[in-house]
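Here is the structure we will look at, set down as structure tokens.
The values are calculated or read from the model by the stated rules, or taken from the named source; none is laboratory data. Just so it is clear, the structure is predicted and the values come from calculations on it, not from any experiment. In this analysis, Cβ positions are derived from the backbone assuming ideal geometry, glycine residues included, and neighbour counts consider all displayed protein chains. When the accessible area is computed, the model is the full protein with side chains, heavy atoms only, and any ligands, DNA or RNA have been set aside. Shrake-Rupley method; radii C 1.70, N 1.55, O 1.52, S 1.80 Å.
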Amino acid sequence: MTIEETGRCTGMGRINGWAALSGLVAVAIALIAAELTAALVSPSVSPVTAVGSTVIDVLPPGVKDWAIETFGTADKLVFLGTMFVIIAGVAAGAGILEYRWRRSGAALVLVFGLAGIAAVAARPQSSTAAFAAPVVALVLGVMLVTVLTDRLVAWQPRRAADVGPPGPVARRRFLQGVGVGGAAAALAGTAASLVRSSQSLVTQAREQIRLPAPDAVAGRAAAVIPAGADLGVDGVPPLVTPNDNYYRIDTALVVPVVDPGTWRLRVTGMVDREVELTFDELLAKPLVESYITLACVSNVVGGDLIGNAKWLGWPVRELLAMAGVQEGADMVLSRSVDGFTASTPLDAMTDDRDSLIAVGMNGETLPVEHGFPVRLVVPGLYGFVSATKWVTELKVTRYADDVAYWSTRGWSERGPVKTSSRIDVPRERSTVPAGTVQIAGYAWAQHRGIEAVQVRVDDGSWQPATLAAEISRDTWRQFSAALDLAPGSHTVQVRAVDSTGAVQVDRASPVTPDGATGLHTVTFTVS
Ligand SMILES: Nc1nc2c(c(=O)[nH]1)N[C@H]1C(S)=C(S)[C@@H](COP(=O)(O)O)O[C@H]1N2
Ligand SMILES: [Mo]
């Protein structure tokens, strides 16, 4: 009996389809079972996120910068989507390979499984338990691609010698394998997401925290926002950014899960005595509440990677004083649970500014994506050199001895915020009615303060804008200017002057290595 006579042979294209499906189902079950395992035994590290995080860490800096600039806060979604497509491609490929050349597809899955184990090993948050998930993925993946291909070969033999049970029986066995596999994947996926949502254990812990009020000692409560701080121009984002709208930038593919009950902050390095602080001890300290505008170094001219919040925390300088900083130190390397580090000039953490070990944001416990339970906020510096979220260690050190995460990836080691300004209204390419046109937005030069804002229309002369009252020199400041403009197209520009008298740099330069310069320019039509 030849293969043709059995009527088994379908077109090669269709067989490839079935083979690809075997690979997809095998890898789907393997990865979903691994996610379930990770959710149960090591919530912060799963094979998929470990591989993703490792890729993010080793990606050429230019690619990351491009991704943040192009996709902004959606960068993680785009990244995960790309990963999904690549994994699906590899899985389908493994299925086809395994059908054509037995063991080759399984070998491919094995290699990816080993890569998963290596990635988990490379994650700073990994414990021994974290290895369970990639091992589960590897074993299941190799086994299932082999078993499903056995069944496919029995139904669609490649050689006469392969022929096993009669066609319809073999077909049923293969389809059953794929179907049961798909159902198992769906079930495991549901279980994993249920477990994940109970990781709301940390969310629950967060909700139960009652933050103390700032200390009653004079100077520890937040400044009262002066009446004239908000000019009330329509279309200008709120002076204090709601937590839900606050920009989020970090390298964490999944938000680190940190239990406040076991969280510790250690002060190490060039100190007289190492200090270890628990969350309860931190809450018992005399806390300060302060409005601070935090900006990302990746914020392009006119961009929105900037926000202003009322932060509650304990001054870093008081913790450093407890530890006793030694002669010769000039930097604090702060470290997060996920391995991210930032290098902050020691001065900025020992002078009188409100550099905070923050636990609260706008009257709420720190949201998880903004660093729960504890993060740093330092007035005057870009986030990448100061605002470590999920912070667990402050190492007092020297720039000569230690380098932070971004400084090894093309960014500078220091990052004072550059004097900048942004026009929020009118919007680019909008049309506004004839008459008096309101130009309004924000200017910022954290810790120096804004002294003046000027606008100009159609390359005319600079004219002073109205400045809103300032909350403090650590926050952004609104401006507005009412201009009479003739109908037609107009271009408006803005520039700020900081309290040292320095005028905002008008020459355009990119965000790397230490923040963009240039003037925000908006073109609109008066009708
Ligand atoms: N652990 C950790 N902390 C981090 C980062 C990070 O990648 N990981 N990114 C920093 C950068 S670049 C910025 S701009 C701020 C952003 O803080 P936000 O997301 O709360 O706005 O966090 C900083 N803290
Ligand atoms: Mo940033």
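For this structure, a couple of remarks:
- Restricting attention to segment 371-414, the residues being assigned to a loop (DSSP other than H, G, I, E, B), acidic (Asp, Glu) and over 23 Å from residue 63 (Cα atoms) number 2.
- Residue match in segment 457-467 (condition: free of Cβ contacts under 8 Å to residues at least 40 places away in the same chain, among the charged types (D, E, K, R) and not assigned by TED's automatic domain parsing to the domain that holds residue 279): yes
Per-residue answers, yes or no, for (1) touching an Asp or Glu at 6+ places or on another chain (Cβ under 9 Å); (2) of a type in the set (Lys, Arg):
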{"position": "387", "(1), (2)": "no, no"}
{"position": "401", "(1), (2)": "no, no"}
{"position": "419", "(1), (2)": "yes, no"}
{"position": "430", "(1), (2)": "no, no"}
{"position": "453", "(1), (2)": "no, no"}
{"position": "456", "(1), (2)": "no, yes"}
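- Members of segment 262-274 found to be more than 24 Å from the chain's Cα centre (by Cα) and under 20 Å from residue 196 (Cα atoms), listed by number: none
- Of the residues in segment 32-44, at least one is of a type in the set (D, E, K, R), out of contact with any strand residue (DSSP E or B) (no Cβ under 7 Å at 6 or more places or on another chain) and open to solvent by 40 Å² or more (accessible area, probe 1.4 Å).
- Test for residue 100: is it in contact with a helix residue (DSSP H, G or I) (Cβ under 7 Å, 6 or more places away or on another chain) and basic (Lys, Arg): no
- Single residue of 367, 426 found to be within 13 Å of ligand 1 (Cβ to nearest atom), open to solvent by less than 20 Å² (accessible area, probe 1.4 Å) and more than 30 Å from residue 329 (Cβ to Cβ): 367
- Residue check for residue 501: farther than 27 Å from residue 241 by Cβ, part of a loop (DSSP other than H, G, I, E, B) and at pLDDT 95 or above: yes
- Residue, surrounded by the most Cβ atoms within 10 Å (Cβ to Cβ), within segment 471-496, restricted to residues that are of a type in the set (A, V, I, L, M, F, W, C) and either in a loop (DSSP other than H, G, I, E, B) or in contact with an Asp or Glu (Cβ under 7 Å, 6 or more places away or on another chain) (or both): 476
- With respect to being open to solvent by less than 60 Å² (accessible area, probe 1.4 Å) and either more than 25 Å from residue 354 (Cα to Cα) or small (Gly, Ala, Ser) (or both), residue 254 falls outside the description.
- When 443, 434, 468 are checked against the criterion of being of a type outside the set (Phe, Trp, Tyr), more than 16 Å from ligand 1 (Cβ to nearest atom) and open to solvent by 10 Å² or more (accessible area, probe 1.4 Å), 434 stands alone in meeting it.
- Out of 318, 289, sole residue that is more than 16 Å from ligand 2 (Cβ to nearest atom) and free of Cβ contacts under 8 Å to residues at least 40 places away in the same chain: 318
- The condition (being within 16 Å of ligand 1 (Cβ to nearest atom), at negative phi and not hydroxyl-bearing (Ser, Thr, Tyr)) is satisfied by just one residue among 254, 275: 254.
- Every residue from segment 64-78 that is within 19 Å of residue 409 (Cβ to Cβ) and either open to solvent by 40 Å² or more (accessible area, probe 1.4 Å) or touching a strand residue (DSSP E or B) at 6+ places or on another chain (Cβ under 8 Å) (or both): 66, 69, 70, 71
- Criterion violated by residue 282 - all others in (1) touching a residue at least 12 places away in the same chain (Cβ under 8 Å); (2) within 25 Å of residue 470 (Cβ to Cβ); (3) away from ligand 2 (no atom under 16 Å from the Cβ) satisfied: (2)
- Unmet criterion (only one of (1) more than 22 Å from residue 204 (Cα to Cα); (2) modelled with pLDDT of 95 or more; (3) under 23 Å from the mean Cα position of the chain (by Cα)) for residue 353: (3)
- Taken residue by residue, segment 389-402 has at least one member that is in contact (Cβ under 8 Å) with a residue 60 or more places away in the chain, on the phi < 0 side of the Ramachandran plot and within 16 Å of ligand 2 (Cβ to nearest atom).
- Residue, nearest to ligand 1 (Cβ to nearest atom), within segment 316-337, restricted to residues that are touching a Phe, Trp or Tyr at 6+ places or on another chain (Cβ under 8 Å) and open to solvent by 20 Å² or more (accessible area, probe 1.4 Å): 337
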